[in-house]
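Peer 1: One structure is given below, represented as structure tokens, and several questions about it will come after.
The values are calculated or read from the model by the stated rules, or taken from the named source; none is laboratory data. Everything numeric here is computed off the predicted structure, so don't read it as measured data. We place every Cβ from the backbone using ideal geometry, glycine too, and count neighbours over all the protein chains shown.
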Amino acid sequence: MAKNLHTDNAPAISTVKPHFLFAAIGLLVLGILLVLSSSRFIGVYYDHRLLAVTHTAVLGWLMMLIFGSLYQLIPVIFDTALYSEKLAKFTFWLTAGSIIFLVYTFWIGDYTNLLPYAATSMYLSLFFFIFNIMMSYKNARIKNFKSLFILAAVFWLLMTETEGLLTALNFKYHFYTASHLMHMHNHVTMGLVGFFVMMIFGVGTTLIPMFLISHRLNEKLLTYSFVLLNTGLAGLMLVKYLFSNQYLILFFWLLIVTGIIYYFRYIYESYKHRMKKTLDVGMKYTMLALVFLLLPVLISLLLIFLPDTGLKSYGEIMMLLFGMSMIFGFFTTIALGQTYKTLPFIIWLEKYQKLVGKYHTPLPRELYNEKVAGIQFYMYMLFLILSFFGLILQSGILIQTATVLFLLVAVLYNYNVWLMFFHDSNKFINQREKELDI
């Protein structure tokens with residue numbers, strides 16, 4: 001398995017590590033902002049503080065983690081080296097600065113003066129990332145549906161950020177004729193479904209069977225999933241931009257859901273034929289995340305048939321539930337799990353790759369505290385339960401308790417991440433040699 005994650009084309013560790021570190025800090029900042037904004041969840045879902053929280057989650061935490069993971073996985077998925085490591089490092093610093101700028105802009109609610117500049121900076125940083133991935137794909141020796149998921153995700157990221165930039169500029173120049181909320185909804189849909197779901201599915205087709213140690217899977221299921229997901233999302237966006245028709249929206253929604261079902265069948269087949277029967281904490285997170293994806297699917301169906309009048313507060317609650325179930329129920333759950341599968345190996349490569357055969361080296365999972373990871377897992381489950389019930393019941397106490405739990409989860413996660421980053425290989429080897437001598 002280690003050989004599958006590391007090839008001769010793998011980028012330098014210094015290209016990958018900063019993304020994981022920024023993501024960990026981003027998760028901690030997200031926890032703090034959630035606590036400070038807990039009262040805002042009882043109200044309108046487009047509150048500027050909630051927009052700051054949302055962009056901290058999707059950019060500062062999730063996207064940075066995806067960037068770092070993808071740079072490590074490009075040689076595996078595409079069977080080629082990353083086009084430019086120098087560009088990747090430059091993109092990291094530009095993206096990091098842009099995220100901080102954008103989140104600050106939303107936090108203070110400056111839509112007219114700062115937001116256009118913050119959005120433009122963010123757009124440029126993501127454009128450089130997209131260019132690097134596209135040029136890597138151009139040189140790819142593997143071009144199957146696993147790699148096409150990544151390519152499609154990058155395309156939808158471009159669409160997402162283009163809509164986001166135009167919406168930001170519209171606050172200053174007012175060139176949209178339709179409501180800016182409609183464009184915000186499209187920005188969210190393309191981002192959450194087009195980029196994040198597509199990217200997670202693409203990376204998952206490689207990582208999940210690898211970590212479960214399962215082989216000879218039905219690749220046609222991925223083909224059906226890819227075509228249905230992209231056809232459904234493209235059709236949904238066209239309907240929303242050109243004309244609003246509830247039945248067409250439902251039709252394209254069904255295509256997306258069918259695509260998700262085919263992907264679930266592929267993962268279930270991988271799970272059923274796995275050689276590794278016991279799931280570690282990383283794979284528990286991953287399997288649970290896939291189950292949680294069912295929740296936003298059901299909520300999105302309710303939103304399609306939501307009446308236009310009489311239930312405004314209900315609609316706002318459903319939108320919040322949809323966002324929470326996607327960002328925290330699915331994306332963050334799977335991100336937390338995959339961190340414990342990929343980051344320990346990346347750090348292990350840096351610390352021990354040259355020492356294999358010379359000393360008794362640890363397993364990657366020995367680089368972090370498994371008990372802390374286990375406590376974090378159950379604490380996160382409790383956070384999800386309390387936050388969902390808090391939103392449904394509009395209970396300030398439940399929401400406040402949930403946000404404090406999330407902050408504690410972020411602290412425990414950072415503890416393990418920093419434990420890995422500052423792992424002392426010399427100290428470990430000396431201690432292990434003494435134990436063997438005894």
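Peer 1: Kindly indicate whether any position in region 421-428 is modelled with pLDDT under 85, part of a helix (DSSP H, G or I) and surrounded by fewer than 17 Cβ atoms within 10 Å (Cβ to Cβ).
Peer 2: Yes, there is a match, as at least one residue in region 421-428 is modelled with pLDDT under 85, part of a helix (DSSP H, G or I) and surrounded by fewer than 17 Cβ atoms within 10 Å (Cβ to Cβ).
Peer 1: Limited to region 149-180, what total is found for residues that are at pLDDT below 90 and farther than 20 Å from Tyr117 by Cα?
Peer 2: So the count comes out to 3.
Peer 1: Name, by its number, the condition in (1) among the hydrophobic types (A, V, I, L, M, F, W, C); (2) at pLDDT 90 or above; (3) within 25 Å of Gln72 (Cβ to Cβ) that does not hold for Val356.
Peer 2: For Val356, the exception is condition (2).
Peer 1: Any residue that is in a helix (DSSP H, G or I), in contact (Cβ under 8 Å) with a residue 40 or more places away in the chain and within 17 Å of Gly164 (Cβ to Cβ) - is there at least one of those in region 89-98?
Peer 2: No, region 89-98 has no match at all.
Peer 1: Quick check on region 310-337: of everything there that is at pLDDT 85 or above and of a type outside the set (A, V, I, L, M, F, W, C), which residue is surrounded by the fewest Cβ atoms within 10 Å (Cβ to Cβ)?
Peer 2: Gly323
Peer 1: Of the residues Leu238, Leu229, Leu217, Leu221, which is of a type in the set (A, V, I, L, M) and not in a helix (DSSP H, G or I)?
Peer 2: Sole residue among the options that is of a type in the set (A, V, I, L, M) and not in a helix (DSSP H, G or I): Leu217.
Peer 1: Hey, among Gly259, Gly282, which residue is modelled with pLDDT under 80 and either over 19 Å from Ser214 (Cα atoms) or small (Gly, Ala, Ser) (or both)?
Peer 2: Values: Gly259 fails: modelled with pLDDT under 80.
Of the residues listed, the single one that is modelled with pLDDT under 80 and either over 19 Å from Ser214 (Cα atoms) or small (Gly, Ala, Ser) (or both) is Gly282.
Peer 1: Looking for something under 20 Å from Ile200 (Cα atoms), outside the structural domain of Ala373 (by TED's automatic domain parsing) and not in a helix (DSSP H, G or I) - is there at least one such residue anywhere in region 241-260?
Peer 2: no
Peer 1: Would you say Arg49 is on the phi < 0 side of the Ramachandran plot, in a helix (DSSP H, G or I), more than 14 Å from the chain's Cα centre (by Cα) and without any contact (Cβ under 8 Å) to a residue 24 or more places away in the chain? Give the steps one after another, and end with the answer.
Peer 2: Details: on the phi < 0 side of the Ramachandran plot: yes; in a helix (DSSP H, G or I): yes; more than 14 Å from the chain's Cα centre (by Cα): yes; without any contact (Cβ under 8 Å) to a residue 24 or more places away in the chain: no.
In short, no.
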